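Visitor: My structure is below; once you've seen it, I'll send some questions.
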Amino acid sequence: MPDLAHIELETNGTGWIGFVAELPGAFVRGSAEGICLSKVDREIRRYANWLGLKPGASCTVVRTRIHRSGLCVEDADSEILLDYDRERLDRSKFDQWIQIASFSGACFQDLYEAATLLDRRDPARDRETFYGIAPSSIREVYQHVDRVQGYYLQCLGLTPILVSSSFVERRRECLSRITGLYERESGRGVHYGKGEEWTTAKALRRYIWHDHIHAKSIVRTLQRQLKEGLIERFHDPFKFGTLKTSVRSDLV
């Protein structure tokens, strides 16, 4: 785990989201810059726990950039291309990120398979977002994350023909195609897709981040089910631990 964490922030003035440059998929959210930055240490420790690593005793947080966005950042809409992701990932780090993206997909599948009330709607999730009504049941969240796997390929200019039969196999296919693109352009290409700038590093970061942000919402749903006595326990492979479960808990 890094001793120095570089945080790049994105905001539309209403919501804020921050990304830990060194850790693909690690993120913090809040209604203000200071709230985001106050959560970085906790997120780094959770991320280390998720990967089975030991975090350092302390981590120095450095805010490196604020990207002003017109998107609904409060709903986790994001367009930022991190300065870190404009630089070429060397092959060893690229392979490491591929492994993390694969592991993340496996954890998301594991979280889904361990849940029981897949079609029970969670009233706390009934709200309008930038992409329509938020998925309310665990199955709907899972299907949303699965659909987005092909979307990220499109953003890199790759054809999203995913013929595999399962979520994990589709993740493996996506990562194989991204690896092929990385090799063809030596990791240096910048693509413009879906109104954003993309690199292979950004795509890998987004796969992991998208898994985590929706896994977090599923864990909150499971916590509510536990509190209501609908389930006796639940599995949390992402190591989120105890989360707040208010109606707008997605901002926590």
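The values are calculated or read from the model by the stated rules, or taken from the named source; none is laboratory data. Everything numeric here is computed off the predicted structure, so don't read it as measured data. Please note: Cβ atoms are built from the backbone with ideal geometry, for glycine as well, and neighbour counts cover all protein chains shown. Surface areas here come from the heavy atoms of the whole protein model, side chains and all, with no ligands, DNA or RNA. Shrake-Rupley method; radii C 1.70, N 1.55, O 1.52, S 1.80 Å.
Visitor: In the chain, what is the count of Lys pairs whose alpha carbons are under 21 Å apart, counting only pairs at least 8 residues apart or on separate chains?
Guide: Within the chain, the lysine pair count is 14.
Visitor: Let me ask something else about it. Which values, in whole Å and largest first, are the semi-axes of the equivalent ellipsoid of region 48-106 obtained as the square root of 5 times each eigenvalue of the Cα gyration tensor?
Guide: Gyration-tensor ellipsoid for region 48-106: 24, 17, 16 Å.
Visitor: Let me ask another. Between Y151 and S92, how many nm apart are label points set 7 Å from Cα along the C-beta direction?
Guide: Distance between the two pseudo-spin positions: 3.6 nm.
Visitor: Okay, next question. Roughly how many whole Å is it from the C-alpha centroid of region 9-82 to that of region 109-127?
Guide: Computed from Cα coordinates, the inter-centre distance equals 25 Å.
Visitor: Reported to two decimal places, what Rg/Rh ratio describes region 84-199 when computed on Cα atoms with Rh from the Kirkwood expression?
Guide: 1.02
Visitor: Another question, if that's okay. Report, in deg cm²/dmol and to the nearest 500, the calculated mean residue ellipticity at 222 nm for the chain, where each DSSP H run with n ≥ 4 adds -39500 (n - 2.57) and the sum is divided by the residue count.
Guide: -14500 deg cm²/dmol
Visitor: Let me ask another. Put a dot 7 Å past each Cα toward the Cβ at L230 and R68; how far apart are the dots in nm?
Guide: Calculated label separation equals 4.3 nm.
Visitor: What do you get for Rg/Rh of region 155-244 when both radii come from the Cα atoms and Rh is the Kirkwood radius?
Guide: Taking Rg over the Kirkwood Rh, I get 1.12.
Visitor: Please report, as a whole percent, how much of the solvent-accessible surface of the chain comes from carbon and sulfur atoms (probe radius 1.4 Å).
Guide: So the carbon and sulfur contribution to the accessible surface is 50 percent.
Visitor: A follow-up question, please. Send over the per residue convex hull volume for region 108-171, Cα only, as a whole number of Å³.
Guide: Output value, Cα hull per residue: 95 Å³.
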